[in-house]
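Let me begin by presenting the structure, written as structure tokens, before commenting on it.
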Amino acid sequence: MRLNRLAKVAVAAAAVVVAATACGGGGSSQLGGGATSAPPVAEGASFPEGTTMAKLAQAGTLRLGTKFDQPLFGLKGLDGNPQGFDVEIAKIVAAKLGIPADKITYTETPSAVREEVIEQDRVDMVVATYTINDKRKERISFAGPYYVAGQDLMVAADNSAITGPDTLRAANAKVCSVTGSTPSEKIKEYVDPANIVLFDVYSKCADALRTGQVQAVTTDNVILTGLVENSNGAFKLVNNKFTEEPYGIGIKKGDVAFCQFIDQTLKEAEADGTYAAAWNNTLSKVSPDVPPLPAAGACT
């Protein structure tokens with residue numbers, strides 16, 4: 001991904017026109033960059049009766065859970081609506097259902113509540129830097145993956161002691177992550193429990209690093225990249241990836257037909273260039289090479 005280039009360029013993000021839920025209202029900072037073009041909306045989309053696809057197409061709206069604090073993937077813009085690669089992936093799925101971007105509603109979905117909002121039928125799907133793993137599959141199903149990230153560390157720009165996870169104990173570092181996230185579990189291999197600090201969102205981890213309350217922040221490399229970009233030179237990426245994190249689309253457990261529909265939609269998006277456009281409109285300025293779409297997992 002050439003992530004060592006990332007701290008030298010500006011972040012580009014999508015300007016997405018959506019109808020926001022109560023969680024999505026209000027203004028916020030915008031990533032900057034140009035506006036994206038919405039994928040073409042399927043006309044006259046028709047699906048087998050009783051399927052999730054038929055229900056959504058008939059309703060003409062899609063309820064999406066995503067993050068509001070993830071630069072490059074899902075960050076609330078000046079218009080109060082989230083924008084980023086996750087948002088663009090959701091728009092691709094919605095368009096195939098015949099649903100335009102302005103009929104998507106967003107619910108803020110931090111890591112700790114992603115399964116909950118699906119189980120409670122508060123959203124139709126979750127696209128939120130959502131790593132596929134067996135524990136989560138006990139509660140929900142995944143389509144995808146649509147991207148593979150990797151866990152890394154973010155430290156102060158002048159920190160030379162932390163060069164990877166194996167150096168954290170020697171540095172007696174306090175490490176921040178987010179409750180309910182895969183990185184918060186993985187980092188336990190490298191840090192004593194007393195030195196792990198958890199918040200509900202990564203922006204609070206960035207604040208704790210800025211004030212010296214923690215010495216490192218850990219999550220997926222692409223998420224950290226956005227935080228580095230927004231730090232005005234205060235932070236840097238260690239650039240020593242130590243996991244692979246396949247990002248999937250969370251849906252109601254056992255909805256095999258919807259899973260298969262999403263996987264097919266993603267394959268078609270790669271073939272017709274829509275997937276590349278989503279990448280280029282959000283992440284290309286920091287990682288120019290469009291990654292190949294990962295092989296889909298089994299729909300169960």
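The values are calculated or read from the model by the stated rules, or taken from the named source; none is laboratory data. From a predicted model like this one, the values you see are computed outputs, not experimental measurements. Cβ coordinates were reconstructed from backbone atoms using ideal geometry, including for glycine residues, and neighbour counts include every protein chain displayed.
I need the full set of residues from the stretch 60-92 which are part of a loop (DSSP other than H, G, I, E, B) and more than 17 Å from residue 247 (Cα to Cα), in order please.
Of everything in the stretch 60-92, those that are part of a loop (DSSP other than H, G, I, E, B) and more than 17 Å from residue 247 (Cα to Cα) turn out to be 60, 61, 77, 78, 79, 80, 81.
What residue, of 283, 209, 227, is in contact with a Leu (Cβ under 7 Å, 6 or more places away or on another chain), crowded, with 18+ Cβ neighbours inside 10 Å and either of a type in the set (A, V, I, L, M, F, W, C) or modelled with pLDDT under 95 (or both)?
Values: 209 fails: in contact with a Leu (Cβ under 7 Å, 6 or more places away or on another chain); 227 fails: in contact with a Leu (Cβ under 7 Å, 6 or more places away or on another chain).
Matching residue, one of 283, 209, 227: 283.
Being part of a helix (DSSP H, G or I) and over 19 Å from the mean Cα position of the chain (by Cα) narrows it down to one residue among 135, 55; which is it?
On the way: 135 fails: over 19 Å from the mean Cα position of the chain (by Cα).
Sole residue among the options that is part of a helix (DSSP H, G or I) and over 19 Å from the mean Cα position of the chain (by Cα): 55.
Of all residues in the stretch 141-155, which are under 16 Å from residue 292 (Cβ atoms) and either free of Cβ contacts under 8 Å to residues at least 24 places away in the same chain or touching a Leu at 6+ places or on another chain (Cβ under 7 Å) (or both)?
144, 146
Being hydrophobic (A, V, I, L, M, F, W, C), in a strand (DSSP E or B) and crowded, with 17+ Cβ neighbours inside 10 Å is the requirement here; does residue 123 meet it?
Details: hydrophobic (A, V, I, L, M, F, W, C): yes; in a strand (DSSP E or B): no; crowded, with 17+ Cβ neighbours inside 10 Å: yes.
Spelling it out, it is not the case that residue 123 is hydrophobic (A, V, I, L, M, F, W, C), in a strand (DSSP E or B) and crowded, with 17+ Cβ neighbours inside 10 Å.
Check 241, 236 and return the single one that is surrounded by fewer than 24 Cβ atoms within 10 Å (Cβ to Cβ) and over 18 Å from the mean Cα position of the chain (by Cα).
236
Applying the selection to the stretch 93-107, what residues are assigned to a helix (DSSP H, G or I) and buried (at least 20 other Cβ atoms within 10 Å of the Cβ)?
Across the stretch 93-107, the qualifying residues are 93, 94, 95, 96, 101.
If you check residue 158 against the conditions, is it at pLDDT 95 or above, surrounded by 24 or more Cβ atoms within 10 Å (Cβ to Cβ) and among the acidic types (Asp, Glu)?
Criteria not met by residue 158.
From the list 184, 203, which one is modelled with pLDDT of 95 or more, within 17 Å of the chain's Cα centre (by Cα) and not assigned by TED's automatic domain parsing to the domain that holds residue 64? Full working, then the answer.
Working: 203 fails: modelled with pLDDT of 95 or more.
Being modelled with pLDDT of 95 or more, within 17 Å of the chain's Cα centre (by Cα) and not assigned by TED's automatic domain parsing to the domain that holds residue 64 holds for just one of 184, 203, which is 184.
Any idea which of (1) at pLDDT below 85; (2) in contact with a helix residue (DSSP H, G or I) (Cβ under 8 Å, 6 or more places away or on another chain); (3) closer than 18 Å to residue 122 by Cβ is the one residue 7 doesn't satisfy?
(3)
Taking the stated definitions as given, is residue 185 among the charged types (D, E, K, R) and touching a helix residue (DSSP H, G or I) at 6+ places or on another chain (Cβ under 7 Å)?
Against the criterion (among the charged types (D, E, K, R) and touching a helix residue (DSSP H, G or I) at 6+ places or on another chain (Cβ under 7 Å)), residue 185 does not qualify.
So, in the stretch 20-56, exactly how many residues are modelled with pLDDT of 50 or more and touching a strand residue (DSSP E or B) at 6+ places or on another chain (Cβ under 9 Å)?
Looking only at that region, the number is 3.
Of the numbered conditions (1) closer than 21 Å to residue 244 by Cβ; (2) in contact (Cβ under 8 Å) with a residue 12 or more places away in the chain; (3) assigned by TED's automatic domain parsing to the domain that holds residue 43, residue 134 fails exactly one; give the number of that condition.
(2)
Checking residue 216 against (1) crowded, with 24+ Cβ neighbours inside 10 Å; (2) assigned by TED's automatic domain parsing to the domain that holds residue 129; (3) of a type in the set (A, V, I, L, M, F, W, C), which test does it fail?
Going through the list (1) crowded, with 24+ Cβ neighbours inside 10 Å; (2) assigned by TED's automatic domain parsing to the domain that holds residue 129; (3) of a type in the set (A, V, I, L, M, F, W, C), residue 216 breaks only (2).
Any idea which of 182, 219 is touching a Phe, Trp or Tyr at 6+ places or on another chain (Cβ under 7 Å) and in contact (Cβ under 8 Å) with a residue 40 or more places away in the chain? Steps first, please.
Values: 182 fails: touching a Phe, Trp or Tyr at 6+ places or on another chain (Cβ under 7 Å).
Matching residue, one of 182, 219: 219.
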